[in-house]
Number of protein chains: 2
Amino acid sequence: MPIRQNILIAVDAVVFGYMNANLHVLLVKRKGSTFHKEWALVGGFVLDDEPLTTAVKRELKEETGVQLDYLEQLFTFGDTVDRDPRSRVISVAYFGLINSSKIVPIGDTDAMDAKWYPVNELPDLAFDHSEILNSALDRLRAKLTYQPIGFDLLPNEFLFSELEQLYVTLLGKDIDRRNFRKKIMSFGFLEETSLFKQKKSGRPAKLFRFNDLKYRELESKGIYFDL
Amino acid sequence: MPIRQNILIAVDAVVFGYMNANLHVLLVKRKGSTFHKEWALVGGFVLDDEPLTTAVKRELKEETGVQLDYLEQLFTFGDTVDRDPRSRVISVAYFGLINSSKIVPIGDTDAMDAKWYPVNELPDLAFDHSEILNSALDRLRAKLTYQPIGFDLLPNEFLFSELEQLYVTLLGKDIDRRNFRKKIMSFGFLEETSLFKQKKSGRPAKLFRFNDLKYRELESKGIYFDL
DNA sequence: TTACTTTTGTGTAAAATATACACATAATGC
DNA sequence: GCATTATGTGTATATTTTACACAAAAGTAA
């Protein structure tokens, strides 16, 4: 029984970056005929012989040149039969993070129609991309409390105050500096470097590093991150 | 730019039922040419104009007659380009639960090639269905502790000892009866009925009911289930 | 060089939550 | 009525979470 289907399969990525103490999303300006010149998530159609994650990375490279530090599958959108006006498209959405020190700010120029948008100043998006983006935001916020995923948004070495600020910004609730530090340090996957960093004024602060190996070791022992 | 793709899209469902104090999965014996007569998850190809969840429910009805009490999207499998020997197939996997009182035990007969298998006595499965099943098991176990999903596996009215047994079986760790009861009751979504149920011997026990409305009310107030 | 501002770094007491634990009650079967 | 089986319940202890304030190290401006 040979099957004929008239459904296309695409991938879309919600890529988050953290800069200027604010969460940003990577968007591209569409060039195709549908939703021409509207902002959209990075994505495109999957090639016949291409694994899904490869497709995501390829589109990301082609459209923006960005390389991810974290990537996970989010959800497959396709219940709304006409999300794409051309024909039925099912989109496997991914959710990615990029290390703050790797972010090269890109703007909306003729050459490169890609831009980092602060999540609180988003433009209207093509297709059902707003819905996808919101799912990704929910997922990010939820994961922050039970997976040490926030470190993928920071540079390799960071201040405790930066980590704290990130949590405050993304979760929108206050943090007690002493309790937060105690809690985070108690897990044992943060290591103190011998480096210091100074702001314009104030006491210089130690830089810390997230030790991924150590984290996985703890995880395998059944010790789980939980804020 | 018209796109040509040679990828098929299917849905597969891992359906769990709880009977004889054991977790079971619904499997069907394949009739098609590939993996003929092997056991597989319920599933099939998505119709062009059909939402994904509709496809799952349709296949489930067609192949087994079973109706679900809980359904959620699990994961989309498609990175392994040749999971299906015929052509590339991307499968959106779902994870479903069925209320214990609705389970009609079905066996492997000529008429109905479907069967409830205890999860600890599973046969080899077609395609990559073992992998899918394991993901679903992981998800079920994880969710049990932060969503009151276990109630969807029990009959509408159940004994506390049955709920306790379910958690013991699925999570594989001991429970202190007194503390467990205190904890569960403290959430306030379980209601005591005036009904009793007796086993062969021993003191008769009260039947309880899960109040879904109450649960959602609590959830909306920011009170979350957590064991 | 002094005093003012900014940011980091740290401990302890009180409150809330989780854990450990044992015996009386209500039924059945012999 | 006695043995067996399963339900139902409270309290004390340990652990975890929360609340909270002041000294240290730098820069800046008078």
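Taking the conditions (1) surrounded by 14 or more Cβ atoms within 10 Å (Cβ to Cβ); (2) over 15 Å from the mean Cα position of the chain (by Cα); (3) more than 16 Å from DNA strand C (Cβ to nearest atom) in turn, A:Gln147 satisfies each one other than (2). Of all residues in the stretch A:9-27, those satisfying the criterion of being surrounded by 24 or more Cβ atoms within 10 Å (Cβ to Cβ), within 21 Å of A:Lys102 (Cβ to Cβ) and of a type in the set (Val, Ile, Thr) are A:Val14, A:Val15. Of the residues A:Leu159, A:Leu213, A:Leu137, A:Leu190, the single one that is modelled with pLDDT of 95 or more and assigned by TED's automatic domain parsing to the domain that holds A:Asp79 is A:Leu137. The residue that is nearest to A:Val168 (Cα to Cα), counting only those in the stretch A:180-227 that are within 25 Å of the chain's Cα centre (by Cα) and basic (Lys, Arg), is A:Arg181. Against the numbered list (1) over 20 Å from A:Tyr224 (Cα atoms); (2) surrounded by 13 or more Cβ atoms within 10 Å (Cβ to Cβ); (3) away from DNA strand D (no atom under 13 Å from the Cβ), A:Glu192 comes up short only at (2).
The residues of the stretch A:150-179 that are within 18 Å of the chain's Cα centre (by Cα) and of a type in the set (Ser, Thr, Tyr), listed by number, are A:Tyr167, A:Thr169. Among the helices (runs of 4 or more DSSP H) confined to the stretch B:151-227, the ones with at least 1 residues that are closer than 29 Å to A:Thr145 by Cα, within 16 Å of DNA strand C (Cβ to nearest atom) and within 14 Å of chain A (Cβ to nearest Cβ) are located at B:160-171. Give the stretch B:166-184 a look and list any residue that's within 12 Å of DNA strand D (Cβ to nearest atom) and either of a type outside the set (A, V, I, L, M, F, W, C) or exposed (fewer than 14 other Cβ atoms within 10 Å of the Cβ) (or both), or say none. Of everything in the stretch B:166-184, those that are within 12 Å of DNA strand D (Cβ to nearest atom) and either of a type outside the set (A, V, I, L, M, F, W, C) or exposed (fewer than 14 other Cβ atoms within 10 Å of the Cβ) (or both) turn out to be B:Asp176, B:Arg177, B:Arg178, B:Asn179, B:Arg181, B:Lys182, B:Lys183.
Return the total of residues in the stretch A:53-62 being in contact with a strand residue (DSSP E or B) (Cβ under 6 Å, 6 or more places away or on another chain) and either surrounded by fewer than 20 Cβ atoms within 10 Å (Cβ to Cβ) or β-branched (Val, Ile, Thr) (or both). Residues in the stretch A:53-62 being in contact with a strand residue (DSSP E or B) (Cβ under 6 Å, 6 or more places away or on another chain) and either surrounded by fewer than 20 Cβ atoms within 10 Å (Cβ to Cβ) or β-branched (Val, Ile, Thr) (or both): 1 in total.
In the set A:Ala205, A:Ala142, A:Ala136, only one residue is hydrophobic (A, V, I, L, M, F, W, C) and either within 16 Å of DNA strand D (Cβ to nearest atom) or in contact with a His (Cβ under 9 Å, 6 or more places away or on another chain) (or both); that residue is A:Ala205. Checked across the stretch A:46-53, the condition of being touching a residue at least 12 places away in the same chain (Cβ under 8 Å) and under 14 Å from the mean Cα position of the chain (by Cα) holds for no residue.
The values are calculated or read from the model by the stated rules, or taken from the named source; none is laboratory data. Keep in mind that this is a model prediction, so the values were computed, not measured. Virtual Cβ from ideal backbone geometry, glycine too; neighbours counted across all protein chains shown.
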